[in-house]
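Read the structure below first, then the notes.
The values are calculated or read from the model by the stated rules, or taken from the named source; none is laboratory data. Because the structure is a prediction, the values reported are computed rather than measured. Cβ sites come from the backbone with ideal geometry, for glycine too, and all protein chains shown count toward neighbours. Ligands, DNA and RNA are excluded from the accessible area calculation, which covers all protein heavy atoms including side chains. Shrake-Rupley method; radii C 1.70, N 1.55, O 1.52, S 1.80 Å.
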Amino acid sequence: MIKNAFIIALLALLFASCKNSPGKETDLHAGEEVKIQLTAYSPEFELFAEADPFVVGKSSNILSHFSHLPDFKALEKGSVTIRLQIGTTEVTQTFDAPKRKGIFSFDLKPTVQGVGKIIYEIKTENISSQVVVSDITVYSGEEQADEAAAKKVSSRTNTVVFTKEQSWKIDFSTEQPAVERGDDLI
């Protein structure tokens, strides 16, 4: 009797877990806007940005965080110009100061589709630098752009969120991993 109840419970659990039909994808973050994450470096700066997918004729927000290198402290003063280049076509925007410490919020409206790059020109009292992000795609339609961006989204399962603003409050940095060979390694 107990054995039959166990088997029935196990089968009920199995059927409940197979509720989604095959070939149908489930959106774990329904209602959440898809963002593109961009990271790039120059000898003087680290850039981390989150952007709306780029679509011809639609304004995309690019929330850009700038850290000085090598200390990874926020850019507090200076102007930044962003240029989105697709072939010979370019859209730009300039801010003379950050919105908040280290953060610039740009809005660009691409006029042509294609693959290009974003160039950030950063000017401070002492430094004039460029940070370049390659392989930026501008799509002809929103659906196509959202689908492409969704494919690039990293899984958020078992993750801890550690924002740029949090990293600026402590002694924090990132480095390239190094391969070391020990005598005991094969």
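Out of the range 80-92, which residues are without any contact (Cβ under 8 Å) to a residue 40 or more places away in the chain and either in a strand (DSSP E or B) or open to solvent by less than 40 Å² (accessible area, probe 1.4 Å) (or both)? Spell out the reasoning first.
Residues of the range 80-92 that are without any contact (Cβ under 8 Å) to a residue 40 or more places away in the chain, as a first pass: 82-83, 85, 87-92.
Listed by number, the residues that qualify are ILE82, ARG83, GLN85, THR89, GLU90, VAL91, THR92.
Restricted to the range 125-136, and to residues that are farther than 14 Å from PHE66 by Cα and more than 14 Å from the chain's Cα centre (by Cα), which residue is most open to solvent (accessible area, probe 1.4 Å)?
Residues of the range 125-136 that are farther than 14 Å from PHE66 by Cα, as a first pass: 125-126, 134-136.
Imposing the further condition that a residue be more than 14 Å from the chain's Cα centre (by Cα) reduces the set to 125-126.
Details: GLU125: 178, ASN126: 139 Å².
The qualifying residue most open to solvent (accessible area, probe 1.4 Å) is GLU125.
Scan the range 93-106 residue by residue and report those that are open to solvent by less than 80 Å² (accessible area, probe 1.4 Å) and assigned to a strand (DSSP E or B). Step through it out loud before you land on a result.
Of all residues in the range 93-106, those open to solvent by less than 80 Å² (accessible area, probe 1.4 Å) come to 93-95, 97-98, 102-106.
Within the range 93-106, GLN93, THR94, PHE95, ILE103, PHE104, SER105, PHE106 meet the criteria.
Report, by residue number, each residue of the range 31-79 that is open to solvent by 80 Å² or more (accessible area, probe 1.4 Å) and part of a loop (DSSP other than H, G, I, E, B).
GLY31, GLU32, GLU33, PRO43, PRO70, GLU76, LYS77 - these are the residues of the range 31-79 that are open to solvent by 80 Å² or more (accessible area, probe 1.4 Å) and part of a loop (DSSP other than H, G, I, E, B).
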